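A.B. asks: Would you mind keeping the following structure in view while I ask a few things?
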Amino acid sequence: MKAFVISGPRKAGVVDVDPPIAGPGEVVIDVARAGVCGTDVEFYTGEMQYLHDGNASYPIRIGHEWMGAVSAVGEGVDTTWLGRRVTGDTMLGCGECHRCRTGYHQVCEFRTEVGIRGGRPGALAEQLAFPARYLHALPDSVTDAAGALVEPGGNAWRSVEAAGLREGDRVLILGPGTIGLLCAMFAHAAGAEVHLMGRAGRSLEFARTFGFDGVWTEHDLPALRWDAVIDSSNAPHLPAKALELVEPGKRIVHVGLAGSPSLIDTRMLVLGDLTAVGILGASAGLAPTIRSYASGRVDPTPLIAATVALDELAGVLAGERPSDAASGPKIHVEISRPSRVEQ
């Protein structure tokens, strides 16, 4: 089958690899669509931290935002999965340790991460082997495009949930990228007054098209009461800025990651009686995200700027923007699927 493989920094392309076989407890998925994430770009450039701390190595098959249809099942897997449209978790825990047994498999010490950590192949390929216990079925009302946005949506849903918003609360979201905009959508659906802050440019102008209550730069941000601040940016100074902005007694949520240490003053955290929450992964947010997409409460598809073929992906990772791309932050890859279904 065809798969996109990164063999070293800025060395990548589509190659022929052996198709996966469904082992015990696994399924094989014919991938229909996958999204491109900043993590994928960092693997392409060689900047991804996992490459430097031993959690990942070249060659690597990327892709962790995906959807497809189950075409084969392994031993012990319910055959009713065959033919179903699905997506799945990125974080695959060992299933046996205390963290996995108590609902925290996303931080399992022994986890693999699809297309990211521990050599687990990703979904930017025609087929993907995947453990059935981490599958999520997609209803017909969730399109393929929305299905491949469930994973980033799950991160955003968890971030908004962690912010503890009540109807009428005012939330400030730092960073108008994919996760930030999805946070804004979920917060709006929850009845909050939604504001975003970012750098002047295309992404901020695109954020204004959604009709949120306010879209600002750091320089023109008004002095309002912020009942929660969600940092979805990669700017090292913004975690500390979030601490300065949020109302005492409220919450800051960190879902973005900077490329260098981002420090906060814990004296401000204590004296403000604040709660700071870190979000790693979409795991607990996948099911509620699917429900939100299915009901129409949140529509993520305007975020998709363009859809490309697998053999165009290297250019996208290198920074090329498709000539017909719209203004959104997300690029999707459409992948041809084999039609054979096996038991």
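A.B. asks: Convex hull over the alpha-carbon atoms of the stretch 246-343: what's its volume per residue in Å³?
C.D. replies: 221 Å³
A.B. asks: So how much slack lies between residue 52 and residue 140, counting 0.36 nm per residue of separation and subtracting their Cα-Cα distance, in nm?
C.D. replies: Working: separation 88, 0.36 × 88 = 31.68 nm, distance 4.13 nm.
Residue separation times 0.36 nm, minus the Cα-Cα distance, leaves 27.6 nm.
A.B. asks: Right, another one. For the stretch 137-212 and the stretch 47-83, what is the separation of their Cα centres, given in Å?
C.D. replies: 26 Å
A.B. asks: Which lysines, if any, have their Cα less than 28 Å from the Cα of residue 250, not counting same-chain residues under 8 positions apart?
C.D. replies: Within the straight-line limit of under 28 Å, residue 250 reaches these lysines: 241.
A.B. asks: While we're here: Using only the alpha carbons, work out the radius of gyration and Dmax of the chain in angstrom.
C.D. replies: That works out to 19.9, 61 Å for Rg and Dmax.
A.B. asks: Could you state the per residue volume, in Å³, of the convex hull enclosing the Cα atoms of the stretch 27-99?
C.D. replies: 135 Å³
A.B. asks: Next question. Among bridges DSSP assigns within the stretch 111-248, what percent are antiparallel (round to 5)?
C.D. replies: Antiparallel bridges make up about 5 percent of those DSSP assigns within the stretch 111-248.
A.B. asks: Tell me which residues come under 5 Å, amide H to amide H, from residue 230 once H is placed; ignore anything under 5 positions away on its chain.
C.D. replies: Amide H neighbours of residue 230: 172, 173, 174, 253.
A.B. asks: With θ set to phi - 60° and the Karplus curve 6.51 cos²θ - 1.76 cosθ + 1.60, what are the ³J(HN,Hα) couplings of the stretch 301-313 in order, to the nearest whole Hz, using x for Gly and Pro?
C.D. replies: So the J values, rounded to whole Hz, are 5, x, 6, 7, 7, 6, 10, 10, 8, 4, 6, 9, 5.
A.B. asks: Name the long-range amide H neighbours of residue 127: under 5 Å, sequence gap of 5 or more, or other chain; modelled H, no Pro or chain starts.
C.D. replies: Here the answer is 31, since their amide H atoms fall under 5 Å of that of residue 127.
A.B. asks: Of the DSSP beta bridges with both residues in the chain, give the percent that are antiparallel, rounding to the nearest 5.
C.D. replies: Rounded to the nearest five, the antiparallel share is 55 percent.
A.B. asks: Could you work out [θ]222 nm for the chain from helices alone, using -39500 (n - 2.57) per DSSP H run of at least four and dividing by all its residues? Round to the nearest 500 deg cm²/dmol. Let's see the in-between values first.
C.D. replies: Values: 11 runs with 82 residues, N = 343.
Taken over the chain, the calculation gives -6000 deg cm²/dmol.
A.B. asks: Further, regarding this structure: For the ranges 88-95, 305-312, what's the packing order if you count other beta-carbon atoms within 10 Å of each residue, average per peptide, and put the highest first?
C.D. replies: Those peptides, ordered most packed to least, come out 88-95, 305-312.
A.B. asks: Continuing with the same structure: Relative contact order of the chain, please, whole-number percent, based on alpha carbon pairs below 8 angstrom and at least 6 residues apart.
C.D. replies: Numbers: 807 pairs, mean separation 69.0, N = 343.
Computed over the chain, the figure is 20 percent.
A.B. asks: Can you work out the base-10 log of I(q)/I(0) for the stretch 152-278 at q = 0.11, 0.17, 0.23 1/Å, using the Debye formula on its C-alpha atoms alone?
C.D. replies: Relative scattering, expressed as log10 I(q)/I(0), comes to -0.31, -0.78, -1.50.
A.B. asks: In whole Å, what are the extents of the stretch 103-211 along the principal axes defined by its C-alpha atoms, from largest to smallest?
C.D. replies: 42, 31, 31
A.B. asks: Near residue 11, which aspartates and glutamates are there with a Cα under 14 Å away, not counting those fewer than 8 places off in the same chain?
C.D. replies: 40, 42, 47, 311, 312
None of the figures in this text is laboratory data; all of them are computed from the coordinates on show. What you see is a predicted model, and the numbers here were worked out from it, not measured in a lab. Reconstructed Cβ throughout: ideal geometry from the backbone, glycine too, with neighbour counts over all protein chains shown.
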